[in-house]
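J.: One structure is given below, represented as structure tokens, and several questions about it will come after.
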Amino acid sequence: MANNRDISLPVVKRLPRYYSNLEELMREGVLRISSSELAGRMKITASQIRQDLNHFGGFGQQGYGYNVSDLYHEIGRILGVDQRLKVILVGVGNIGKAIATQVNFSKRGCELIGLFDIDKSVVGQVVAGKRVCDTSDLSDFCIINKPEIAILCIPKSQAYSVAEKLIDSGVTSFWNFSHFDLNVHFDGIIVENVHLGDSLMTLKYRTNNKI
């Protein structure tokens, strides 16, 4: 089994796809599946599946394939869905509200523990069962509650100061919707950047060029 640091990011990004496909197979009542059958479902090669899973021990049996339930739970364990990481969300506008209310955090091994906004008309609202707090309370909240992950749904102009405050308060990972490149300005943090406009342009290019 490879050391986690030796596993490439593309492999890591495929793990949630395996997880969701296996969940669907379980709902369909499928008990076992071959790498070729799973590859056809996911539109990747069987060789790629075997290579990916071999990083974590393989899990398959020659002539049998994969036990769907066992593989589902093993990948869930690898992804840490049984470990609750504390998450806060900063910026409760349209995107922030959608994330807070539509993302199933507990299913993904996370617990949303706090919502923050600078807009006084938003502060005090209840979203996803939680009262929105003022961003002036961020540092104290983080020091007391120790969230590991922050979701940033804030304008680019606010991202540096908010991220600096969060990092100083112990936050180490960011799900970043701000279009501000945190990696350039801060060392040693983990960032998953989400650029919705870029994704749409990629889709537009693929649509125009049929790829």
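J.: Where residues in the range 85-105 are without any contact (Cβ under 8 Å) to a residue 12 or more places away in the chain and not aliphatic (A, V, I, L, M), which of them is farthest from residue 75 (Cα to Cα)? Before you say what the answer is, go through the steps one by one.
T.: Of all residues in the range 85-105, those without any contact (Cβ under 8 Å) to a residue 12 or more places away in the chain come to 94, 98, 102-104.
Filter once more, keeping what is not aliphatic (A, V, I, L, M): 94, 102, 104.
Working: 94: 32, 102: 23, 104: 18 Å.
For the range 85-105, the residue satisfying everything is 94.
J.: Tell me which residues, restricted to the range 30-64, are of a type in the set (A, V, I, L, M, F, W, C), over 23 Å from the mean Cα position of the chain (by Cα) and in a loop (DSSP other than H, G, I, E, B).
T.: Of everything in the range 30-64, those that are of a type in the set (A, V, I, L, M, F, W, C), over 23 Å from the mean Cα position of the chain (by Cα) and in a loop (DSSP other than H, G, I, E, B) turn out to be 30, 31, 59.
J.: Right, something else. Here are the criteria: (1) over 21 Å from residue 192 (Cβ atoms); (2) in contact (Cβ under 8 Å) with a residue 40 or more places away in the chain; (3) in the same structural domain as residue 17 (by TED's automatic domain parsing). Tell me which single one residue 67 does not satisfy.
T.: Residue 67 satisfies all of (1) over 21 Å from residue 192 (Cβ atoms); (2) in contact (Cβ under 8 Å) with a residue 40 or more places away in the chain; (3) in the same structural domain as residue 17 (by TED's automatic domain parsing) except (2).
J.: Would you confirm whether any residue within the range 65-85 is modelled with pLDDT of 90 or more, touching a Cys at 6+ places or on another chain (Cβ under 8 Å) and part of a strand (DSSP E or B)?
T.: yes
J.: Yes or no: residue 162 under 27 Å from residue 16 (Cα atoms) and within 21 Å of the chain's Cα centre (by Cα)?
T.: So residue 162 fails the test.
J.: Going through the range 82-91 one residue at a time, which ones are surrounded by 17 or more Cβ atoms within 10 Å (Cβ to Cβ) and among the aliphatic types (A, V, I, L, M)?
T.: Residues satisfying the conditions are 87, 88, 89, 90.
J.: Can you say whether residue 13 is under 30 Å from residue 128 (Cα atoms), among the charged types (D, E, K, R) and in the same structural domain as residue 131 (by TED's automatic domain parsing), as far as the supplied structure shows?
T.: Considered against the rule, which asks whether it is under 30 Å from residue 128 (Cα atoms), among the charged types (D, E, K, R) and in the same structural domain as residue 131 (by TED's automatic domain parsing), residue 13 comes out as no.
The values are calculated or read from the model by the stated rules, or taken from the named source; none is laboratory data. Keep in mind that what you see is a predicted model, and the values were worked out from it rather than measured. No Cβ is skipped: glycine too gets one built from the backbone with ideal geometry, and neighbour counts run over all protein chains shown.
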